[in-house]
Amino acid sequence: MGFCFDVESGGKLGAPSSEILAGKDFIQLKGPFELDIVFAPDGYESYEEALPMKKIVDGYPVMSVEGVIRTKGAAGRKKDLNDIDDLRLFAVWLRKKEHEDAQN
């Protein structure tokens, strides 16, 4: 996907590799695009509870729009709450598009 996981001098793992191996809950990657890796999403008690919200897009596992809406609501931060209306509109558009694509 174009992200770099470098090893620092002396063989020590650099971020984000060391953060992933240390079990950090949230890692934000910068590269060809911004990517959040979340191991413990807000609004879910466990990974297993969040797993049904997984979608495969272009071969990559991502959380569904409905799942993202749930995590943003649970986080309760103003910036996340501000995103929810737009995400709901996007979810409606996406369902309509998926239905139309299935018809063709």
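Does residue 47 count as modelled with pLDDT of 85 or more, of a type in the set (Ser, Thr, Tyr) and out of contact with any Lys or Arg (no Cβ under 6 Å at 6 or more places or on another chain)? Here the answer is no, as residue 47 does not meet what is asked.
Among the residues of region 53-77, which ones are in contact with a Gly (Cβ under 6 Å, 6 or more places away or on another chain), surrounded by 14 or more Cβ atoms within 10 Å (Cβ to Cβ) and among the hydrophobic types (A, V, I, L, M, F, W, C)? Spell out how you get there, then give the answer.
Restricting attention to region 53-77, the residues satisfying the condition of being in contact with a Gly (Cβ under 6 Å, 6 or more places away or on another chain) are 53, 70-71, 74.
From what's left, surrounded by 14 or more Cβ atoms within 10 Å (Cβ to Cβ): 53, 70-71.
Within region 53-77, 53 is the sole residue that qualifies.
Filtering 101, 80 for residues that are surrounded by fewer than 10 Cβ atoms within 10 Å (Cβ to Cβ), over 13 Å from the mean Cα position of the chain (by Cα) and modelled with pLDDT of 90 or more leaves a single hit, 101. Mind listing whichever residues of region 1-44 are in contact with a Ser or Thr (Cβ under 9 Å, 6 or more places away or on another chain), at pLDDT 70 or above and assigned to a strand (DSSP E or B)? Within region 1-44, 38 is the sole residue that qualifies.
The values are calculated or read from the model by the stated rules, or taken from the named source; none is laboratory data. What you are looking at is a predicted structure, and each value in this text was computed from that prediction instead of being measured. Because the Cβ atoms are built from the backbone with ideal geometry, glycine has one as well, and the counts that use them run over all protein chains shown.
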